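Visitor: I am attaching a structure below and will ask some questions about it afterwards.
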Amino acid sequence: MIEEFEYKGIWWLPNKPKEQISGVFKFTPNEGAILDLIGSFKDTEPKIILGISSDGKKITLYKCFKTQSNLSILGFSTSSFYANMAFVGIHFQKTEDIKFKGLSVHYMYLDEWFNISGFVDIQYSSDEKEIVIKYELLKPIQAVINDYKIFLDIRVTPPTLSIVQKEASIKQMVYIRVESSEEKPFDEYLNIIYLIQNFLSLGITEPVYPLIVEGKTEMNKKIIKINKETINYYYPPVKVYGALDIPKVPKTLYPFDMLFTFRDISDKFEFFLKNWLEKADLLEPVYNLYFETLYSPRINLKHKFLSLLQAIESYHRRTMNNFEQPEKQHKKKIEEILNAVPHKHKDWLKDKLAYSNEPTLRKRLKDILKKFADVSNKFISDKKSFVEKVVTTRNYLTHYDETLKKQSAEGEELYHFTQNIKILLEICLLEELGFTSDNIKNLISNKYRRYFRTMIVKKQK
């Protein structure tokens, strides 16, 4: 998905295969898939546009819409269509046909996160007469989660041989392959690879994007007959492309910069990944709010503070006691209160008391800090002051009550409060993944060692 290319060819709608139009299909990661036609289709929002490139590649453009249409002085019309997704290597005639047996994805920073190499030995002889490189092929690592098998595939590009040998290289790349025993709609695969993308983003604590996506579908199934009794099947890969806001120059990251790597979970890879995927429905708002801030580096600091705090509230609401009193006791109290006020005020008061049994933000923060006291003590020493400042700042940024302005955090202080809330939220997510308290303490200490040292120095000054 990071390569840029263009294909000249002919294009048509599935229900009108004889009405073919010449045009050029261009793809760039940031702009996405754009089809420029010499002519146009009457349908301005075709679900599917099919094409054959000049070199014979089958192309399916999916979820398309017309972006512009022009008519020249000479009477020639041109048009442009944008496609949400492009499949190169196959023709899907209708939406229901877009199914896959599996998808393989190479994500940004996946190699660094995996950090296990088949290069077992690289030696330079002392007399500088010999260089020996030994590489052992690594087996795929498998996890079975519900209807899916999820693999970590270690693909190797071996050295090429030539008559005049001037170089030899071995390249290792890690892919995540998601497969099902039965074909599933493409959107279902999109959902699971998106969740895996976020799983990696949490571990890496940086935005992660799919750089290469390949699919395997029954529609592309080829039979390889070895002999009269043996038949094998081959699935030529379908390349999948979609627009992504990928940075032109990604950061250089190392495993010690990350929150957790594959080595930290290698003995229980299936367990951790299963927890993440199976809790996605329960923790969806928490995931969304956390990753919104992670994938938006230019987000306003105040908005980031409020989003992370909202994620903390949502986490508490979904995983801890979300009531101050037992439901029956609270319901009885509400009835008594409503019966004691004039009838004309009952509806108004009932609305005001609708969430009166839910814990306050102050209570939620205290509960979470208490639950994770062993870890949070490392970066929040005065919990009472922290909670009061966070609550006051949230109230000011939400309501802009001028009486709260002087007591709320801003500037560098707001940055540190935001960072502490982010770390606190990551602790919550690590716990949901299945890490023990000691594991979490070590991971947080290693990841934020520089930040914690900076905080200590500032306090000493």
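Visitor: Would you point out which residue out of 146, 198 is closer than 19 Å to residue 271 by Cβ and in contact with a helix residue (DSSP H, G or I) (Cβ under 7 Å, 6 or more places away or on another chain)?
Guide: So the residue among 146, 198 that is closer than 19 Å to residue 271 by Cβ and in contact with a helix residue (DSSP H, G or I) (Cβ under 7 Å, 6 or more places away or on another chain) is 198.
Visitor: Checking the conditions here, which among 212, 193 is on the phi < 0 side of the Ramachandran plot, part of a helix (DSSP H, G or I), out of contact with any Phe, Trp or Tyr (no Cβ under 6 Å at 6 or more places or on another chain) and not charged (D, E, K, R)?
Guide: Selected residue: 193, the only one of 212, 193 that is on the phi < 0 side of the Ramachandran plot, part of a helix (DSSP H, G or I), out of contact with any Phe, Trp or Tyr (no Cβ under 6 Å at 6 or more places or on another chain) and not charged (D, E, K, R).
Visitor: Same structure again: Can you list residue pairs whose Cβ atoms sit under 9 Å apart, with the first residue in region 134-161 being without any contact (Cβ under 8 Å) to a residue 12 or more places away in the chain and over 12 Å from residue 274 (Cα atoms) and the second being part of a loop (DSSP other than H, G, I, E, B) and aliphatic (A, V, I, L, M)? Count only pairs 6 or more apart in sequence or on different chains.
Guide: Final answer for the pair search is 159/168; 159/170; 160/168; 161/168.
Visitor: Collect the residues in region 176-194 that are in contact with a strand residue (DSSP E or B) (Cβ under 6 Å, 6 or more places away or on another chain) and of a type in the set (S, T, N, Q), keeping them in residue-number order.
Guide: 180
Visitor: Another question about this same structure. What residue, of 445, 408, 385, is assigned by TED's automatic domain parsing to the domain that holds residue 290, among the hydroxyl-bearing types (Ser, Thr, Tyr), outside any helix (DSSP H, G or I) and out of contact with any Asp or Glu (no Cβ under 9 Å at 6 or more places or on another chain)?
Guide: Values: 445 fails: outside any helix (DSSP H, G or I); 385 fails: outside any helix (DSSP H, G or I).
Result: 408 is the single residue among 445, 408, 385 that is assigned by TED's automatic domain parsing to the domain that holds residue 290, among the hydroxyl-bearing types (Ser, Thr, Tyr), outside any helix (DSSP H, G or I) and out of contact with any Asp or Glu (no Cβ under 9 Å at 6 or more places or on another chain).
Visitor: Another question, if that's okay. Taking only region 275-289 into account, find how many residues are touching a Ser or Thr at 6+ places or on another chain (Cβ under 6 Å) and either surrounded by fewer than 17 Cβ atoms within 10 Å (Cβ to Cβ) or among the aromatic types (Phe, Trp, Tyr) (or both).
Guide: 1
Visitor: Could you tell me whether any residue of region 263-274 is surrounded by 13 or more Cβ atoms within 10 Å (Cβ to Cβ), outside the structural domain of residue 432 (by TED's automatic domain parsing), over 23 Å from residue 101 (Cα atoms) and under 18 Å from the mean Cα position of the chain (by Cα)?
Guide: Within region 263-274, one or more residues are surrounded by 13 or more Cβ atoms within 10 Å (Cβ to Cβ), outside the structural domain of residue 432 (by TED's automatic domain parsing), over 23 Å from residue 101 (Cα atoms) and under 18 Å from the mean Cα position of the chain (by Cα).
Visitor: Go through 427, 334, 421 for me and flag whichever is at pLDDT 90 or above, touching a Leu at 6+ places or on another chain (Cβ under 8 Å) and among the hydrophobic types (A, V, I, L, M, F, W, C).
Guide: 421
Visitor: Also, I was wondering about something else. Out of the residues in region 27-52 meeting the condition of being over 15 Å from residue 84 (Cβ atoms) and charged (D, E, K, R), tell me which one is surrounded by the fewest Cβ atoms within 10 Å (Cβ to Cβ).
Guide: Here the answer is 42.
Visitor: Right, something else. Which residue is farthest from the chain's Cα centre (by Cα), if the candidates are limited to region 221-238 and must be surrounded by fewer than 18 Cβ atoms within 10 Å (Cβ to Cβ) and not in a loop (DSSP other than H, G, I, E, B)?
Guide: So, considering only residues that are surrounded by fewer than 18 Cβ atoms within 10 Å (Cβ to Cβ) and not in a loop (DSSP other than H, G, I, E, B), the one farthest from the chain's Cα centre (by Cα) is 225.
Visitor: Check off (1) over 21 Å from residue 142 (Cβ atoms); (2) of a type in the set (Asp, Glu); (3) touching a residue at least 12 places away in the same chain (Cβ under 8 Å) for residue 284 and give me the number that stays unchecked.
Guide: Unmet for residue 284, out of (1) over 21 Å from residue 142 (Cβ atoms); (2) of a type in the set (Asp, Glu); (3) touching a residue at least 12 places away in the same chain (Cβ under 8 Å): (3).
The values are calculated or read from the model by the stated rules, or taken from the named source; none is laboratory data. All of these numbers come straight from a predicted model, not from anything done at the bench. Neighbour counts run over all protein chains shown; Cβ positions are idealised from the backbone, glycine included.
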